[in-house]
Amino acid sequence: MRFSVLASGSGGNACYVETPSTGVVIDAGLSSRELIRRLRIIGVDSSRVNALVITHEHLDHIKGAGPLARRLDIPVFINGATLKRGWRALGNLSRPIPLHTGQAITIGDLILETFTKCHDAADPMGVVISANGNRLGLVTDLGRSSPVVEDRIRGCRGLILEFNHDEKMLEQGPYPLALKRRIKGPDGHLSNRQAGRLLKSVAHEKLAWVVLAHLSEANNLPDKALKEAEKALNESGRGETKILVSTQDEPLPLVDC
């Protein structure tokens, strides 16, 4: 199994996961044209994409979902509340496949386990993707950790984890007070410190990769997020785990998981 974060941040989010026979895009917050361009950058032809999975209805996760699904004629796995809340942006989906949060779905030889998370959306989902015994956890857009989140992502070989903001930068930054409260609230986004605590709680000897995701361009710096992640891994005795920082503007290269 290989994966790439195609884009991550408030301007648009998307991930790609593949095996030799199956390719899945998770979220599509960029235009379909840009998503296909970024797939091409990492050496993936869009014809390899078999399905699209949507985690929640915020525009930075579904902006290009409808156009991409129609262009590639692929099914869209989405829960009912997300579909209902996001239908205007999604448009007509010729092949929607409803699911319930907590349900496991099979796409080719990939198994996707879904679970609930704390975010201010209709029915937001985290996802663990597995193939051949290897597991990849995807948890961004998370206001706070929970026993469910920690239980689901514990044991993953790879983690894509939100490190959204530095608390001081957010407090002293340009955002309106109401938006600051939303971001740091229990249904907002994880700070670097919160994400570090979550990472420390689930780190284990087989954790090979951690991708720091959804970094705020206004309220965070890659070095600050990286420092907190390194601290968490070192304190848990997992300093050998490799760390990547995803960006808004360029996809990460494919990583073996």
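The values are calculated or read from the model by the stated rules, or taken from the named source; none is laboratory data. Computed from a predicted structure; not experimentally measured. Positions of Cβ are generated from backbone atoms using ideal geometry, with glycine treated the same way; all protein chains shown enter the neighbour counts. Only protein heavy atoms, including side chains, enter the accessible area calculation; ligands, DNA and RNA are left aside. Shrake-Rupley method; radii C 1.70, N 1.55, O 1.52, S 1.80 Å.
Annotations for the structure displayed:
- Taken across region 204-218, residues that are open to solvent by 20 Å² or more (accessible area, probe 1.4 Å), more than 19 Å from I153 (Cβ to Cβ), out of contact with any Gly (no Cβ under 8 Å at 6 or more places or on another chain) and not in a strand (DSSP E or B) do not occur at all.
- Members of region 70-120 that are farther than 13 Å from T55 by Cα, assigned to a loop (DSSP other than H, G, I, E, B), hydrophobic (A, V, I, L, M, F, W, C) and at pLDDT 95 or above: I74
- Taken over region 121-143, residues that are part of a strand (DSSP E or B), closer than 21 Å to S8 by Cβ and open to solvent by less than 10 Å² (accessible area, probe 1.4 Å) amount to 8.
- Some residue of region 100-115 being closer than 23 Å to L190 by Cα, among the aromatic types (F, W, Y) and either free of Cβ contacts under 8 Å to residues at least 60 places away in the same chain or touching a Leu at 6+ places or on another chain (Cβ under 9 Å) (or both): yes
This table checks each residue for (1) hydrophobic (A, V, I, L, M, F, W, C); (2) touching a His at 6+ places or on another chain (Cβ under 6 Å).
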{"site": "I160", "(1), (2)": "yes, no"}
{"site": "K184", "(1), (2)": "no, no"}
{"site": "S191", "(1), (2)": "no, yes"}
{"site": "A232", "(1), (2)": "yes, no"}
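Residue-by-condition table, conditions (1) under 21 Å from L212 (Cβ atoms); (2) of a type outside the set (D, E, K, R):
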{"position": "R2", "(1), (2)": "yes, no"}
{"position": "N13", "(1), (2)": "yes, yes"}
{"position": "Y16", "(1), (2)": "yes, yes"}
{"position": "S47", "(1), (2)": "no, yes"}
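- Tabulated pairs, region 16-41, first under 21 Å from L112 (Cβ atoms) and of a type in the set (V, I, T), second open to solvent by less than 20 Å² (accessible area, probe 1.4 Å) and in a helix (DSSP H, G or I), C-beta under 8 angstrom, 6+ apart or interchain: V25/L35; V25/L68
- Verdict on I183 being over 26 Å from V17 (Cβ atoms), open to solvent by less than 70 Å² (accessible area, probe 1.4 Å) and touching a residue at least 12 places away in the same chain (Cβ under 8 Å): yes
- Meets criteria (within 19 Å of Q248 (Cα to Cα) and modelled with pLDDT of 95 or more) for E34: yes
- Selection within region 27-73 - open to solvent by 30 Å² or more (accessible area, probe 1.4 Å) and among the small types (G, A, S): S31, G43, S47
- Pairing residues of region 158-173 that are within 8 Å of L212 (Cα to Cα) with residues that are basic (K, R), at Cβ distances under 9 Å and at least 6 apart in sequence or on separate chains, gives F163/K224.
- Which listed residue is more than 23 Å from V210 (Cα to Cα), among the hydrophobic types (A, V, I, L, M, F, W, C), open to solvent by 20 Å² or more (accessible area, probe 1.4 Å) and in contact (Cβ under 8 Å) with a residue 40 or more places away in the chain, from A81, A89: A81
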